Amino acid sequence: MNQSISLLRQSLNTASRRFHTTSSSLSSQRCRRQYSIHVDAANASKLAELDSRKLSITKTTTPKELLPAEELVFGRNFTDHMLSVEWTASEGWLAPRITPYQNLSLDPATCVFHYAFECFEGMKAYKDTTGNIRLFRPDKNMERFNKSSARIALPTFNSESLIDLIGQFCKLEERFIPSPRGYSLYLRPTMIGTQRTLGVGPPGSALLYVIASPVGPYYPTGFKAVSLEATDYAVRAWPGGVGDKKLGANYAPCIVPQMEAASRGFHQNLWLFGEEEYITEVGTMNLFVALKDKKTGQNELITAPLDGTILEGVTRDSVLGIARERLEPEGWKVTERKCTMKELAEAADEGRMLEVFGAGTAAVVSPVRKISWKGSTVECGLSEGTEAGPIAQRMKDWIEGIQYGEEPENPWSVKLN
């Protein structure tokens, strides 16, 4: 596989060179544009690995003023610095840098603009009650980041090295991490293809960068249940596609259906798939359903299986892990299986529906009050005046307790030294 990609890169770059005149080549040599590199065919016998020991840091001379915690809006304000690492097919990973937050300089022909060579992650840094900085399961984010990158022919990296770099970045930006429970520093690792070419092929250069935004609770008005519109006229992902990878290309096509749902008074889409109308995701989160089994009466917590149509959510995996550890001893059955919208509607009609909630990094869990489906309303187990069911509330409390270091020995909470 790697040999095939290398041959394809060589073929692509050989063809690209044929279309460049000698004068343009000399011009390129004189002026190498930052973050937008034209790469010759790969010829290195061993490419450099990502090495956190080579990090250089240039601090800003104009530090920003901190916003009051109550004024923080998710993803609107950013810290003083950014972490960036360039990669080329001929050299591998170059030395990582932390620099003042700045614009990128990219040629109009850069491949990310034309063929969507872009993937990203969403994770957070927290402060515990003693002032330590903590990351929540960063190994899972790095594992998914590498899977996403490999799927679109971008380079992979050593996970431990990137975690170390992100840790150093977080310590430099420590003053931006709010202390109160419910507040955090949202981290956005991103990778883009940066080769200047309109040819379709694996990029010969890439940029990995990390920016950060201090954030408050995802729900400014409190922990509120949302309403969903079951969406069968548009598909988020399909088997064999890239719905299980965190690619920017997965998100833009979902905005119009979300706007249509909002115009009808709903907060998010519930994405259905196929003639069977299998439940997949809710908005940009994984979905969990708690109901009583029709035959046995046993409480069951259900989420869709990892069949390629849903994202491998870190919060999803955390809910499953905690449920198997703490709910199964209480008699719950925890399953990853296909579940149809019809099954949900029947459970609601028969009084077996307990609760429904989404799970994701931004909100941890998001309780669901009702779902609009085929002109009818499916009630999701919440009584009037109740904003969250007991399982959603317990999951939120359990996961946040780990994130903020209230379970200091829990391996999911990584304290930065």
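Since every read-out is calculated from the coordinates, none of them should be taken as a lab result. These numbers come from a predicted model, not from an experiment. We place every Cβ from the backbone using ideal geometry, glycine too, and count neighbours over all the protein chains shown.
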Long-range HN-HN contacts of H81 with modeled amide H, under 5 Å: Y101
Signed unit charges on C-beta, dipole axis of the chain, positive-most listed residue T296, G204, C254: G204
Candidate aspartates and glutamates for bridging to K338, where Cα separation is under 14 Å - those fewer than 8 sequence places away on the same chain excluded: E275, E276, E277, E281, E300, D307
Dipole moment magnitude, nearest 20 debye, the chain about Cα centre, only Lys, Arg, Asp, Glu C-beta charged: 1380 debye
Relative contact order computed over the chain (Cα-Cα under 8 Å; 6+ residues apart), in percent: 16 percent
3J(HN,Hα) from dihedral phi, region 161-171, Karplus parametrisation 6.51/-1.76/1.60, rounded to Hz, x for glycine, proline: 5, 5, 4, 4, 5, 5, x, 5, 4, 5, 5
Size of region 308-372 as Cα extents on the principal axes (Å, biggest first): 31, 28, 23
In region 336-417, the trypsin sites (Lys or Arg not before Pro) that fall in loop regions by DSSP, at most 14 other Cβ within 10 Å: R337, K374
Karplus (6.51, -1.76, 1.60) ³J(HN,Hα), θ = phi - 60°, over region 236-246, in Hz, Gly and Pro reported as x: 6, 7, 8, x, x, x, 10, x, 8, 10, 8
Derived scalar couplings ³J(HN,Hα) [region 121-127; Karplus, 6.51 cos²θ - 1.76 cosθ + 1.60; whole Hz; x for Gly, Pro]: 10, x, 8, 9, 10, 10, 10
Cα pair distances of region 166-268 binned at 5 Å [whole percent]: 2, 9, 12, 13, 15, 17, 15, 11, 6, 1
Relative contact order (%) - region 123-246, alpha-carbon pairs under 8 angstrom, separation at least six: 26 percent
Compactness of the chain, expressed as Rg and Dmax over alpha-carbon positions, Å: 23.3, 77
Selected from S105, S161, S184 as most flexible by GNM, with the chain as the system and alpha-carbon contacts under 10 Å: S105
When the convex hull of its Cα atoms is projected in every direction, mean area for region 226-415 (nm²): 11.5 nm²
Within the chain, helix-based [θ] at 222 nm, where runs of 4 or more DSSP H residues each add -39,500 (n - 2.57), nearest 500: -7500 deg cm²/dmol
Degrees, to the nearest 10: 2-18 long Cα axis against longest axis of the chain: 50 degrees
DSSP loop GluC sites (Glu not before Pro) with at most 13 other Cβ within 10 Å excluded, longest remaining stretch of the chain: 66-274
Region 41-125, relative contact order [Cα under 8 Å, separation at least 6], %: 35 percent
For the chain, built as a Gaussian network whose Cα springs stay under 10 Å, the top-fluctuating residue of S383, S90, S52: S383
Straight-distance crosslink candidates among lysines, where the alpha carbon sits under 27 Å from K415 and sequence neighbours closer than 8 are dropped: K54, K59, K64, K124, K127, K140, K147, K171, K246, K396
